[in-house]
Amino acid sequence: MSQTNNNKWNISREKGEKYAHQYIIGILKGSNKNTIPLSELIILLNLRTKHIKLINHSRIKPFSVYLRCIYGTILNFMDQFNFYGVIKKNADTHIKLFETALYNNLYKNKLNEIMSNDYTEWVMVDTEDFILI
């Protein structure tokens with residue numbers, strides 16, 4: 001459920017989602033077996049994104065508050081993507097990164113976008129026009 005009504009942020013939903021994936025995936029990749037307790041993930045996410053000024057109603061908010069306001073809960077955000085797994089162990093909730101095709105394509109597309117932006121001035125040359133010596 002999206003709760004974007006009456007929530008005015010200085011960042012678009014697309015950009016916020018991009019940042020969320022970037023930092024959450026980085027945290028999960030740096031953890032043991034790509035798994036981390038949700039409470040620890042939230043702390044690390046807020047620490048690693050504190051340089052991003054997220055403003056709601058003229059107040060700077062941590063990244064976890066942004067995700068909660070936009071998606072209802074952080075778990076709702078995770079449930080929208082098949083490369084995040086939610087594991088419940090007794091009273092604890094852990095988040096796991098599954099390196100699925102969708103996850104790999106997300107980063108392959110990002111890499112292709114970066115490559116195409118860097119090399120837009122290149123001209124492809126056909127090797128048949130040259131004589132190899």
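The values are calculated or read from the model by the stated rules, or taken from the named source; none is laboratory data. This structure is a prediction, so every number in the text was calculated from the model and none was measured. Backbone-built Cβ (ideal geometry, glycine too); neighbour counts: all protein chains shown.
Details
- Selection status of His94, in a strand (DSSP E or B) and not hydroxyl-bearing (Ser, Thr, Tyr): yes
- Where Gln80 falls short, out of the listed (1) under 13 Å from the mean Cα position of the chain (by Cα); (2) surrounded by 13 or more Cβ atoms within 10 Å (Cβ to Cβ); (3) modelled with pLDDT under 95: (2)
- Strands (runs of 3 or more DSSP E) wholly inside the stretch 6-67 containing at least 2 residues that are in contact (Cβ under 8 Å) with a residue 24 or more places away in the chain: 35-37, 54-56
- Residue check for Ile70: in contact with a strand residue (DSSP E or B) (Cβ under 8 Å, 6 or more places away or on another chain), β-branched (Val, Ile, Thr), modelled with pLDDT of 60 or more and under 16 Å from Tyr23 (Cα atoms): no
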